[in-house]
Every structure is written in structure tokens, then in C-alpha cells.
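Below is one structure, written out as C-alpha cells; comments come after it.
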Amino acid sequence: MKEAIYPGSFDPITFGHIDIIKRAARIVDRLVVCVLTNPQKKPLFSREERVNMIDGVLRENGLTNVVIDTNEGLLVDYAKDRGINTIIRGLRAVTDFEYELQIAQVNRRQMPEFETVFLLTSLEYSYLSSSLVKEFAYYKGDLTKFVPASIIPQIEAKYK
Ligand code: ADP
């Protein structure tokens, strides 16, 4: 069975992430969306809130071969423990590339069999990020083009 991990902050999940999840789920038999705790980032949503939002999105989209998990440690250790050696990451623009390349190389130094597979963003989401969603929400902007309607109330509630 081919398995892969799609790690990220998902703070919150956007249509860009969902697009990558759907496409990755067609490539592998089982995809683990792994919600990470990134010490460099102060998340708006708690880990549980992010997991719940993703869970709702997976159900809405009938993505039955996708599961959610969380991890606080190193991704390579998580992957090793589970015997999964494929990581999926999304690339939006060259600006993502340098950072992603660095992580992928560091991960491979620690686990040689580790492969990072990059999926290019669909053009319509190439501008979309969780930070942009938060910025729009802060200014009470319309979020319908960025995230599923079902999670908009949760995002708006943070800026009441
Ligand atoms: P991280 O903090 O790990 O960068 P994110 O939640 O911001 O977590 O992103 C998780 C992954 O999803 C990253 O590989 C990122 O490049 C990718 N991603 C985010 N937004 C998009 C998008 N609009 N299109 C394609 N990939 C995306």
C-alpha cells in the first residue's frame, strides 16, 4: 500500500490545501494529513480546532482514503515510526521553493529513503495562503473564494 504524509500548519485549511489533498489522494492509497506544531509560528487556531476543520472538509469532500494526525516532533521521526517515506508538499511560487528545498534536503540527510514529492498549485490558488485568509478575515473581507463555507464562521469568530 502506497502511503504519504502531507504535513503543514493548516492555520486554517484553504482551498489551496484541499486541492493538494485531493490530488495527492488520487496518487496514493492512503494520505495522512499531519497537523504540525511549528515553533516558529504562533497559530491562530489550536491544534484541535485545525484538526476539526480539516475533518469536516474531508467528510464534505468524501475523501475516505485521507486521515488526520498531529505531530509535535520532527517530521522524519514521525515518518520513520510509521514506516512512511513519502512526503507531499505544495509549491505555489519560486518564493516557496527555497524554503521547501532546504527542508527536503535536511530531511533526506536524516533519512536517506525519504522522498519529498512536490505538487504544483493549481493556478487559481497560486496566490492563496492561510496568512492571506487571516488578513482578509481581520478586515472583515469576503472569504468565500478562499476557504469552504463550512469553516468561515469559525474563522470570523476569531476576529469578533
Ligand atoms: P507550513 O507551515 O508547513 O508551510 P502550510 O499550512 O502553510 O504549512 O502549508 C502546508 C503545505 O501546503 C506547504 O507545502 C505549502 O506550500 C502548501 N500550500 C499552502 N497553500 C497552498 C496553495 N494555495 N497551493 C498549493 N500548495 C499550498
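The values are calculated or read from the model by the stated rules, or taken from the named source; none is laboratory data. The shown structure was predicted, so the numbers you read here are calculated from the model rather than taken from an experiment. Backbone-built Cβ (ideal geometry, glycine too); neighbour counts: all protein chains shown.
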Looking at (1) in a loop (DSSP other than H, G, I, E, B); (2) among the hydrophobic types (A, V, I, L, M, F, W, C); (3) in contact with a strand residue (DSSP E or B) (Cβ under 9 Å, 6 or more places away or on another chain), which one does Ala25 not meet, given that it meets all the others?
(1)
Within region 139-149, work out how many residues are within 18 Å of Arg50 (Cβ to Cβ) and either in a strand (DSSP E or B) or free of Cβ contacts under 8 Å to residues at least 60 places away in the same chain (or both).
2
Among the residues of region 37-52, write down those that are buried (at least 19 other Cβ atoms within 10 Å of the Cβ) and within 13 Å of the chain's Cα centre (by Cα).
Arg50
For region 79-93, enumerate the residues that are touching a helix residue (DSSP H, G or I) at 6+ places or on another chain (Cβ under 9 Å), part of a loop (DSSP other than H, G, I, E, B) and over 13 Å from Leu128 (Cβ atoms).
Ile84, Asn85
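Does any residue of region 64-73 turn out to be more than 22 Å from Ile155 (Cα to Cα) and among the charged types (D, E, K, R)? Spell out how you get there, then give the answer.
First pass over region 64-73, keeping only residues more than 22 Å from Ile155 (Cα to Cα): 64-67, 71-73.
Subsequent filtering for residues that are among the charged types (D, E, K, R) retains 72.
Looking through region 64-73, at least one residue is more than 22 Å from Ile155 (Cα to Cα) and among the charged types (D, E, K, R).
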Go over the candidates Ile68, Ile18, Ile54 one by one and state the one that is in contact with a strand residue (DSSP E or B) (Cβ under 6 Å, 6 or more places away or on another chain), modelled with pLDDT of 95 or more and within 12 Å of the ligand (Cβ to nearest atom).
Ile54
Inside region 107-131, can you point out the residues that are outside any strand (DSSP E or B), more than 9 Å from the ligand (Cβ to nearest atom) and surrounded by 13 or more Cβ atoms within 10 Å (Cβ to Cβ)?
Asn107, Arg108, Gln110, Met111, Phe114
Picking from Ile152, Ile84, Ile68, the residue that is within 17 Å of Phe10 (Cα to Cα), touching a residue at least 24 places away in the same chain (Cβ under 8 Å) and under 18 Å from the mean Cα position of the chain (by Cα) would be Ile68
Please go through region 94-132 and pick out each residue that is closer than 26 Å to Leu44 by Cβ, touching a helix residue (DSSP H, G or I) at 6+ places or on another chain (Cβ under 7 Å) and among the aliphatic types (A, V, I, L, M).
Leu119, Leu128
